[in-house]
Structure formats: structure tokens, C-alpha cells
Amino acid sequence: MIGDILTYLTFFPVLGVVLLLLVPKERHDSIKSLSLIIAFVTMLISFLVYALFDPLASGMQFEVNVPWVNSVGISYHLGIDGISLLLIVLTTILTVLAILSSWNSIKTGVKGFYISILLLTTGMIGVFVSLDLFLFYVFWEVMLIPMYFLIGVWGGPRRVYAAIKFVLFTMFGSLLMLVAVLYLVFKYHSMAGVYSFDIQALVSMPLSFSEQAYLFAAFALAFAIKVPLWPLHTWLPDAHVEAPTAGSVILAGVLLKMGTYGFIRICLPMFPEATVAFLPYICVLSVIAIVYGALVAMVQKDVKSLVAFSSVSHMGFVMLGLFTLNLQGLEGSVMQMINHGISTGALFLLVGMIYDRRHTRLISEFGGIAKVMPAFATYFMIVTLSSIGLPFTNGFVGEFLILLGAFQLNTWYGVFAVTGVIFSACYMLWMYQRVMYGKVTNPENEKLTDMSARERIIMIPLVFLIFWIGVYPKPLFDRIEPAVKNVLEQVSRAKSVQLDPVTYELTRVKDEKGTVTDATVTFAPEQEEATHE
Amino acid sequence: MEVQLPEVSLRMMAPELFLFVWALVVITFDVVTKRAQGESVGYLTMVGIAITGGILAITGEGPGFGNMFYNDPMAIFFKIIFLGAAFMAVGSSFGLTKQKIVNHRGEFFGLMLLSTVGMMFLASANELLTIWIGLELTTIPLFVLAAFFKDNKLSVESGLKYFIVGAFSSAVMVYGLSFLYGLTGTTDLLQMKLNLATVHLTFRNIGVILIAAITMLIAGIGFKLGLPPFHQWVPDVYEGAPTPVAAFLSIGSKAAGLAAFAKIFVNGLSAFHGVEMAPNDWGKLAGIVAIAALILGNTVAIRQTNIKRMLGYSSIAQAGYIMIGMVAQSALGLSAVAFYIFAYMFANMGAFAVVTAFEDKTGSCEIKSYAGLAKTSPMLSICMTIFLLSLAGIPPLAGFLAKYFVFAAAIKQASLEGGQWLYWVVGAGLITAVFSLYYYANVIKQMYFSKDDSPYRVGLQAPAMLVVLIGLAGVLVFGLYPEPVLRFAGEVPSMFGFVSP
């Protein structure tokens, strides 16, 4: 019975959609309260999953595996490890906050809006719990449509363009992924004699290097568009700027994480040789994303697009951490996925609050807001600092570990990535200064009301999480670590690397001729010698 | 040849015979009641189709008339599709017969049934001439149906165009068939397969005659399917013909053409597929045509402003996707083709039912006039959205699984030796699928993203409602639980002599 808890968690929002359909569309208050209750219960279920989750066990938990389309080997296979657990909890929390944040700002098509959000929630949770590639793909695509409507119906002036751009970019990537999935399944069929989409079964399948390279490229492109990795990021600023607040929060908080989650769940374990081979390229792209995102963010006139470009930069950190392929880097990277969800989600919520009051987001329109809205300014400060990565806030923990990992891999990656941290302090604080300090120059800002009780309720849990993770991240790391170690063990199946069983350090092995195959990746010399002894 | 007892043969043809008689009954009923009965003619037609379905269920499998007529699983599967398409086309014609076709309701529905009889006959045909006759029986009533608005210039143009192109393509096709007969001395598909193999083994080279025959057959059937470069009639006919006829055309006549293609090429000429026979291989030729259909259909559809023309081009593209499964030339590919048409039927007939209802109400087929429809007719817009998303292949709808299976079949075949070229077909299908999402989403955009309310409030009559609900149920149920249909579709290639995978 308890094994099905993931099913309840995934499909509870769909149940909510069915209930919402029964409510007449004029009764806005009932619709809002009902969807809030649904989202809240979903969150409670995810807390229950968190409580029942055994941090010591490695491997998947709460597994369900039932045949679905038997003739082609598709099964309904769910299960979570520490990484997916945390992302699910993040998803459900952000959904509740997103619904709260749209309470007064969405006035047309209320019913459709909340139905879209709940469907989106199911899609997102579904991606994180599926262990069957087909199921994964279905959930991955299912999210596309509610998001298309969220941006297209309730978005800003250029919403139609942004919505279709978002859909076409994602669709392009996912179709490539579909081909790769099919290839994997047929390959498995030719070896094992049965069809299977099971991720765990497919992971154990030996693939030649060229196969791995092609498949890695197909999956990586799909995921990189979602992350988004430079230069595939161009849909993101449009989508973010045009999306309603709730859409931005979910987009930045969860949807982007699905790309990195895909890397960690599929690309790394399934194609270890290709991962090692592509590592330098992805790392370089990540570093470019970090620096480029930060520099472009600096010159933005619109607060929301500033935050959007800062996302490109932060997600660059996550990608860099993933491809350091060492314990610190990966743990930091998973941590940073959560942190970015919290901080950027909070930033978008705050931007949404000020937008609701002033109906503009241009930095030049503001100034001296701290005097009229002191509470708002305080919350904004905390979130800004968390986004910069000040010690004792959540951002520090993740970024620090990623940088540690990056320096171990290659000093240059570390050096360039650090500049991203510095730039992020620049653009965030500069923006904060221009918006909050100085005299109130614009008369329209003089009569702004400070945060309402509802808005404070939205921010309090996020601020709590910011400090909790910043000060005491151990419970999270306890859950991340076994999962990350699993991933690293799977990567170490590649012939070109070797895993140190104690430190979980991956080192490059020299082949028979004694040459290191790829000179771009350098490892600490003493470790290399150690592996030879 | 062993002589079959007539009873047995007739029993196998019971559904066709019944439907034929019923078509006459429908026409007679309309005349006898002095054309005063508004809706009952339509209901009578729908009942007849339902009864035919029942008869089909109890007829079972088996041969009739020697080897010329054979009820194999493929025939039964396709007959279900034909009956389903006819049922849904009739169901969405009620508004039309009420307003525009007042004096010829019986003929309208009767011709639709007669065309269905032709399709069903074709599905069971097991021999070149029977296949050809089946195709003719299918298309001749459709020529008349396309031109049914005899006072409307567009409709007459579409009927004439369809007739000329159709007659020409039939001629080309029968010319190609005559070459095949000349080469092999038989019209029986199985015998033809064996004779061709013998000729090939004896002479190691069959020469230009077969290439000419293959080219002509691809051209002939390509016309029926609307595959480029033989597609020019499609958008004009879709635009001019009565909308339910266009819908029927897009499923029924397309499925019929595909059945003919499968029978002649995948079965009869399968000996011709292989690495050592590369120059005579029809697969690559069909593959090129499929790629052309995908690219042309999906790109030109983007520019359309009329929803019927858009759906016309989209149907060209969909034919391209179906051909991907066909050129895989495997058991899996053929099952995928069958499943594709099945899933496509629900989405396309549903979408056309909505378009018909909208046209009946507003008289407009412009995509622009759908603006803001979501505000005034929310349920209709949701249904239309689901149909369009299924056509675009978004999970968890049936259209996604359909696309998925044709790609799967092609990729499986591509991973075998000599099949690498299939990756090009798959690649074209994938990239153009992104385009297709654009134009389908364009309609959704009009319905939902407009800030203004639509001036129209479109409701559905009971039969059209039934059609939309069937479409919706099909798209959702077979998207989430395709197992039963897949199992049935898996039996479709059972008569094709593939080595089981």
C-alpha cells in the first residue's frame, strides 16, 4: 500500500483538476481555495515521502513497477532516490507558493489558470519519479502544454511569441531524445531479447563509444535546451519576461532543473565514456554560460529579465558541477539545483509583487522603495544575498562545493567560474541599490503599500529554507550523497576512468600506449600516480 | 483452382453486401418520404453503419471467391477504420444536410456508404484487379460527393479537379499493374511474389519494366494518398468539398490507398526489397516521396489561413508519417501504420467535426475567425485543442503513440544492415514534427490567446456531439491504454509472410 505513495503524489493534482472542472467558472474564490488545498495536500504527501525516505539506503525507494503497454515493454515504473526526493519537495512547495502568488493577479480565465498549474505539477513530479524512459518522456512532454498556455494566455505583451518559442525549442530537443530512446530500446532488444524502457536495465547495457557519443549528444541536446546551456538559452529570457509570476516561478524553480536532472539520471550513468569525452566541451560551455549570463544580466533594464539571465549563469554553475565528476562537484550541483529553485523562485515572487503594484518592472522606474516598503526591502535583501551566495545562506553551500569541484578538475574552470560569483554580486547589488535606495524620485512610488499578510506568508517559508540550508545543510546532503555516489559508480564503468572507493574521486586511466586520451582534462598528478601502483 | 461454395463466399462478404443494400435503402427511404424527413435519413445511415460493424464482428476470418477475397486481420482492422470514419463523417454532416443539402440527403449519405463499401471491398482484396476495382469503387462516389454543392464554384471545381486527377491516376496505376501482369503472368499477389523471385533468380536482372511498373504504381497510389509531387489536388478539394466529405476523404480514402499500397508493395513486391536489388528497390523511392510529403505538407501548412486547407496540407504530412512505417517494410512497420491510421482517425474526424460545426454556425473557415472562441465555447475549444495536440503528436494522446510506433519501426529497421538510409526519413519526420506543432498551435493560439471574446457561440448538435465524444474518447483512451489495439494491430501483418521478430 505504502509502495504506491508516489502514484498518489503524482496524480493527486490530476484529481484536483477533475474536481476543479466541476466548479462553475464564475466562482473564483472556490476555484482558488480548492486548488490551493489540492496543492497543499500534494505538498503534505511529499513531506510524508520525505519523512518515510530512508537516507541510509542507497538505490531507489518506494518503487512501483507494473506493466503498462506490455507488447512493447513499457512499464509504469516509479521510484525515487535522494536527488529526485529533494526536487519533488521543492516542486510541491513552489507550486503552493505560485498559487498563493497568483491570488489577486490572475483575474481572467481563473479556472483554466489553476488547472494548468495543477497539470504542470503532475508533469513535473512525474518526470522526477519515473524510472521508465517512456514514462519519463511522456511526463516531459506533458508539461509543455500547460506551460504553453500559462505563458500564452496569462503572459505579457509578447506572450504569443514567447510561448511558441518555448514550445518549439523544447519540442525540437525532445524529439531528438525520442530517437535516442528508441535506439536504446532496440539495442537492448537485440541483446536481451525483450523490449524494455527501464532506465536501470538500460544503464547496465554495454554500448560502443560511437553509439554512446551519438546517444549522449541527442539526450544532451534535449536536456541542454531545457537547462538552458549557452548558446541554447535564447528562449529563456523571452519565456521568463512574458510569463505570469507563477509561471516564472515554476519555470525557473523546477522546469530548468529537469534538464540537469536528465543529465544526472540518464546521460551520466548511461553513457559514461561519452560523458568523459564530452566533459571538456560541456565544462567550457558552462563556464561561458556563467560569465555570459552574469554580464548580460548586468545591463538589463528590466528586473525580470535580469533575474532570467542570472538563471542562465546559475544553471551554468549547476552544469559545471555535474561535469566535474567528483563528489564535491556533484553534491554541490544537486544542492545548487535546490538553491536556485528557492532563490530564483523567491526573486520572481518578489518581482511579481512589485509588478502587481506598479505594473512595470523597469529598474529606472523605481528608486527609494526601501523607504516606502521596508518589509519588502528586507525580504528582497535576504533573497538577493542568497542568490549571490553569501555564507550562511543556501547559495553559498552549493556554489562553494561546485567551485571546489571545479578547481579539482581544472584550475581554469574554477578561476572563470569564480568571476561569475563576483559578477553576480555586482549585478544583484547594483540592481538592489538602484531599486531600493536613494530618494523616491518617481511620484508613483510614494504611495506604495508594503507587503500584505498573504505576501509575507509566501516569503517566510522561502526565507526559512534559505537560512536553514545555509546553516545546517546536513540533512539534505545525507540524502544526496548515496544517490550521487551511485551516479559516480556508474560513470566509473567507463574504461577511461577509475573510481577511488574511499574519496569517490574519478581519475583518468592511461591506455595501453601510455598516453592520456584527452589532454584537456588534467587531474592531480599524485592521484594519477596512485592509480598506477 | 478449387471452386468455393457460393454460400461461404457470400458469408465472407456479408458486411459489404449489407452495407450496399443499406445504401440503397437510405436513398429509397429519402425518396419515398418525399425528402421531408430531416434528420432521420442521417440516423438511418448511422444505424446501418453500426449494424455493419456488428455483422463484421461475427463474420470472422477466411477466404471467399477463391483467393481473390480474403478476410485477414488486416482487412478487419481496416474495415473497422472505414466504418468508424464513415460513422463519424455522417455524424458531423447533420448541420450540413439541414441547411445546404436539403434535396439530396439520401444521395449524400448513400454515396458515402457506397464509397465505404468500396473501401471495405478493397481491404479484403487479395489480387491486383480486385484491389484496383476496390479503389475505383471508393473514389467514384467521392468525386460526386466533392462536387455536392452544385451551385458553389469552389465545390464544383474541387469535384472536377478530383475527378480528373483521380481518373488519370487510376489509368496510370492500371497501366503499372498491366506491366506487373506481363512480367509475372498472374494477378494473384502471392503467386506474383513467387514468380518475381523466380524471374530474378533466373536472370539476376529484371530490368527497366519493373522499375517502370513500380514508378507508375507509386504515382498512382501517391495520387490517392496525396503524396508529393501528386498532391496538388488535396488542398483545393479539401477547401471546396463539403467539410464532412473532406474529413471522410482524409481518413477513408487515405486508409484505402494505404491498404492498396501495403498489399501491392509490402506484400506483392516484397521480394523486391533487398540490398542486392538496390536499383529495383521501391523502398527508397517511396522513402523520397515520404520525405517530400513531410517537408512540403508541414511547411506549406504553416502559411495557410483557411483551416480546411491547413488540415489538407497537414493530411499530406500525416500521409508522410504513415509512409515512414510503410517503408520500414517490417511487421512492426505495418502494425505501426495500422495503429497510426486508427489513432489519426479519432483526432482528425474530431477536428473536422468541430470545423464543420463552426462552419455551419459562422459560414467561415478562416483560422482568424476562431479568435477568442475559448471564451464563448470553452468545451468545444478544449476538444479542438486535444484533437490538434493529438495530430501534432503530444503525449499522452493517441497521436503521440502513433508517431512513436512508426518512428520505432523505422529506427529498428535502420539499425539493420542496409537500412541506414531510413535515418534520413526519420530525421525529416522529426524536424518537420516541430513545424507541425507550430501550425496546430496556431489554431490553439487563436482560440485561447486572444484578449477579445469571439462573436460566435458554437454549440454541437447531438450527432456531432457524439462524434466529438467518440473522437475524444479514442484519443485519450488509446493514448493511455493502447494495449488492446496494439495487440490487434500486431496481427495485421500476419498474412504478409514476415519472419516474426
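Taking all protein chains together and a probe of 1.4 Å, list B:Arg309, B:Arg487, A:Arg434 from the most accessible to the least accessible.
Values: B:Arg309 50, B:Arg487 145, A:Arg434 75 Å².
Sorted descending by solvent-accessible area, the residues read B:Arg487, A:Arg434, B:Arg309.
For segment B:121-178, what's the radius of gyration and Dmax over Cα atoms, in angstrom?
Cα radius of gyration and Dmax of segment B:121-178 are 13.2, 41 Å respectively.
For peptide B:403-415, how many partner chain Cβ atoms fall within 10 Å of a residue's Cβ, on average? All intermediate terms of the calculation are to be shown ahead of the outcome.
Values: counts 2, 8, 2, 0, 5, 9, 1, 2, 8, 6, 1, 4, 6.
That average works out to 4.
What does the buried accessible surface come to for B and A, summed over both chains, with the probe at 1.4 Å? Round to 100 Å². Mind showing how you got there, number by number?
Values: alone 18820 and 19870 Å², together 35560 Å².
Interface between B and A: roughly 3100 Å².
Report the one residue of B:Tyr404, B:Leu469, B:Val443 whose Cα lies farthest in the direction of the positive end of the charge dipole of segment B:385-501 (charges on C-beta: Lys and Arg +1, Asp and Glu -1; origin at the Cα centre).
B:Val443
Counting every Cα pair in segment A:184-338, what percent are over 18 Å apart?
59
How big is the equivalent ellipsoid of chain B along its three axes, where each semi-axis is √(5λ) from the Cα gyration tensor, reported in whole Å from largest to smallest?
Numbers: eigenvalues 248, 145, 79 Å².
Result for chain B: semi-axes of 35, 27, 20 Å.
Please report, in whole Å³, the volume per residue of the convex hull around the C-alpha atoms of segment B:173-325.
Working: hull volume 15.0 nm³, N = 153.
Residue-normalised Cα hull volume stands at 98 Å³.
Loop only by DSSP, 10 or fewer other Cβ within 10 Å of the Cβ. Give me the trypsin sites (Lys or Arg not before Pro) in segment A:72-164 that pass, ordered by residue number. Working shown, then result.
Values: sites: A:Lys107, A:Lys111, A:Arg158, A:Arg159; in loops: A:Lys107, A:Arg158.
Answer in residue order: A:Lys107.
Taking the Cα centre of segment A:283-479 as origin, work out the dipole magnitude from +1 charges on Lys and Arg Cβ and -1 charges on Asp and Glu Cβ, in debye rounded to 20. Please list the in-between numbers first.
Details: 13 positive and 10 negative charges, 68 e Å.
With Lys and Arg at +1 and Asp and Glu at -1, about 320 debye.
If one takes the longest principal axis of the Cα atoms in chain B, at what angle in degrees, from 0 to 90 and to the nearest 10, does the Cα axis of helix B:208-225 lie?
In chain B, helix B:208-225 runs at an angle near 20 degrees to the longest axis.
Would you tell me the accessible area of B:Trp233, worked out with a 1.4 angstrom probe on the heavy atoms of the protein chains, in Å² to the nearest 10?
10
Where does segment B:1-121 land on the Kirkwood hydrodynamic radius, alpha-carbon pairs, in angstrom? Working shown, then result.
Details: mean 1/r = 0.0669 Å⁻¹.
Computed over segment B:1-121, the radius equals 15.0 Å.
Using a 1.4 Å probe and counting only protein heavy atoms, arrange B:Tyr448, B:Tyr440 so the residue with the most accessible area comes first. Could you put the intermediate results ahead of the total?
Values: B:Tyr448 50, B:Tyr440 5 Å².
So the residues, ranked largest to smallest area, are B:Tyr448, B:Tyr440.
Two decimals, Cα atoms only, Kirkwood Rh: what is Rg/Rh over segment A:14-90?
Working: Rg = 17.0 Å, Rh = 15.1 Å.
With Rg and the Kirkwood Rh in hand, the quotient comes to 1.12.
Based on a Kirkwood Rh over C-alpha pairs, give the Stokes-Einstein translational diffusion coefficient of segment A:365-440 at 20 °C and viscosity 1.002 mPa s in µm²/s.
Details: Rh = 13.6 Å.
Estimated diffusion coefficient is 158 µm²/s.
Report the charge-dipole magnitude of segment B:14-496 in Debye, nearest 20, computed about the Cα centre from +1 at each Lys and Arg Cβ and -1 at each Asp and Glu Cβ.
Details: 27 positive and 23 negative charges, 184 e Å.
That gives segment B:14-496 a dipole magnitude of about 880 debye.
Could you give the size of the charge dipole of segment A:411-479 about its Cα centre, using +1 on the Cβ of each K and R and -1 on the Cβ of each D and E, expressed in debye and rounded to the nearest 20? It would help to have the intermediate numbers written out before the result.
Values: 7 positive and 5 negative charges, 20 e Å.
With only Lys, Arg, Asp and Glu charged at Cβ, the dipole is about 100 debye.
Return the Rg/Rh ratio of segment A:1-160 with Cα-based radii and a Kirkwood Rh.
Numbers: Rg = 16.5 Å, Rh = 16.4 Å.
Here Rg/Rh amounts to 1.00.
What do you reckon, how do A:Glu399, A:Glu273 stack up by accessible area (1.4 Å probe), largest on top?
Numbers: A:Glu399 10, A:Glu273 35 Å².
Ranked list, largest accessible area first: A:Glu273, A:Glu399.
Could you please state, rounded to a whole Å, how far the C-alpha centre of segment A:179-239 is from the C-alpha centre of segment A:314-372?
About 29 Å separates the Cα centre of segment A:179-239 from the one of segment A:314-372.
Given A:Val284, A:Ile363, A:Phe416, which one lies farthest toward the positive end of the charge dipole of segment A:283-479, if we put +1 on the Cβ of every Lys and Arg and -1 on the Cβ of every Asp and Glu?
The Cα lying farthest towards the positive end belongs to A:Ile363.
In a solvent-free Debye calculation with one equal scatterer on each Cα, what is log10 I(q)/I(0) for chain A at q = 0.10 Å⁻¹, listed in the order of the q values?
-0.76
So how much accessible area does B:Val208 have, in Å² to the nearest 10, using a 1.4 Å probe?
Its heavy atoms expose roughly 110 Å² to the probe.
What are the extents of the Cα atoms of the protein assembly as shown along their three principal axes, in Å, largest first?
92, 73, 50
Roughly how crowded by other chains is peptide A:170-177, in terms of the mean Cβ count from those chains within 10 Å of each of its Cβ atoms?
Values: counts 2, 11, 5, 1, 3, 12, 3, 0.
Taking all residues of A:170-177 together, the mean is 5.
Across every pair of different alpha-carbon atoms, what Kirkwood hydrodynamic radius in Å does segment A:283-479 reach? Let's see the in-between values first.
Working: mean 1/r = 0.0591 Å⁻¹.
Result for segment A:283-479 stands at 16.9 Å.
Need the C-alpha centroid separation for segment B:425-450 versus segment A:90-156, integer Å.
If you average the Cα positions of each part, the centres end up 21 Å apart.
Among A:Thr260, A:Val249, A:Leu401, whose Cα sits farthest toward the positive end of the charge dipole of chain A (+1 at Cβ of Lys/Arg, -1 at Cβ of Asp/Glu, about the Cα centre)?
Towards the positive end, the residue furthest out is A:Val249.
Restricting things to Cα coordinates, could you compute the convex hull volume per residue of segment A:400-508 in Å³?
Details: hull volume 18.0 nm³, N = 109.
Cα convex hull per residue, to the nearest whole number: 165 Å³.
The values are calculated or read from the model by the stated rules, or taken from the named source; none is laboratory data. Not measured: the values here are computed from a predicted model. Quick reminder, even Gly has a Cβ in these numbers, built from the backbone with ideal geometry, and neighbours come from all protein chains shown. SASA here: full protein model, heavy atoms, side chains in, ligands and nucleic acids out. Shrake-Rupley method; radii C 1.70, N 1.55, O 1.52, S 1.80 Å.
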